[in-house]
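K.L.:
I'd like to ask some things about the structure below.
The values are calculated or read from the model by the stated rules, or taken from the named source; none is laboratory data. On a predicted model such as this, the values are computed, not experimentally measured, just so you know. Note: areas computed on protein heavy atoms with side chains; ligands, DNA, RNA excluded. Shrake-Rupley method; radii C 1.70, N 1.55, O 1.52, S 1.80 Å.
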Amino acid sequence: MSTRTEQVLARKAAIDAERRSQTELHLSQHDLHVQNATNKSGEKAQHAREMESHASENQARKERQDAQKIETTLAELRQKEARATEVVESHRQEVAAHAAMTGTHPASLEGVQRREEEQAARRVELDQQLRRKSAHAEELKAGELESRKEKARAFEKPFEH
């Protein structure tokens, strides 16, 4: 049998050994957490670099597409301008040929003035027609009002004393 002091010392050594093993376990867990955090941080940094690379690639691709669209639009506009110039020139030639044949320009001042005079005469005619119809309508209304008044008088006559 061991003495009380030996028992206390043995018990104290067992408690110290238990504490050391718990501390070692805690430190190893802490080291593992630190390692995991470091790995995760590295992974996040790598992911951020990859995303930045993708973003720059996408931006460059979009800029190329935009530049291509602008070039295409400019080419279409140049073609439309060339076609419009051809049409205008063709029209000028046709007008010149017509003027040479008939001796008058189709859009001459005389034609414009004649058209304006015709339109003014037409407006005057329409205005007169509107006045006649309005006067006729007024006459019909007055006649109808008079006939209603006569009917009302005829209705009231037997009731007068």
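K.L.:
Counting only protein heavy atoms and a 1.4 Å probe, tell me what percentage of segment 5-161's accessible area is made up of carbon and sulfur.
P.N.:
In segment 5-161, the share of accessible area belonging to carbon and sulfur is 55 percent.
K.L.:
Of the residues Val34, Val88, Val112, which exhibits the maximal mean-square fluctuation in a Gaussian network model of the chain defined by a 10 Å Cα contact cut-off?
P.N.:
Looking only at Val34, Val88, Val112, the biggest GNM fluctuation is shown by Val34.
K.L.:
I'd like the Karplus ³J(HN,Hα) series for segment 127-143: coefficients 6.51, -1.76, 1.60, θ = phi - 60°, whole numbers in Hz, and an x wherever there's a Gly or Pro.
P.N.:
Working through the residues one at a time gives 5, 5, 4, 5, 5, 4, 5, 5, 5, 4, 5, 5, 4, 5, 5, 5, x Hz.
K.L.:
Still on this model: Stick to the Cα atoms of segment 11-66, pair each with every other, and give me the Kirkwood hydrodynamic radius in Å at one decimal.
P.N.:
Here the Kirkwood hydrodynamic radius works out to 15.1 Å.
K.L.:
Treating the Cα atoms of segment 15-128 as identical point scatterers in vacuum, please give the log10 of the normalised Debye intensity I(q)/I(0) at q = 0.10, 0.18, 0.21 Å⁻¹, two decimals.
P.N.:
Here log10 of I(q) over I(0) equals -0.75, -1.03, -1.11.
K.L.:
Which residue fluctuates the most in the chain, going by a Gaussian network model with Cα springs under 10 Å, if the choices are Glu144, Glu86, Glu94?
P.N.:
Glu144
K.L.:
Per residue, how large is the accessible surface of segment 2-85? Use a 1.4 angstrom probe and give square angstrom.
P.N.:
Ligands and nucleic acids excluded, the figure is 91 Å² per residue.
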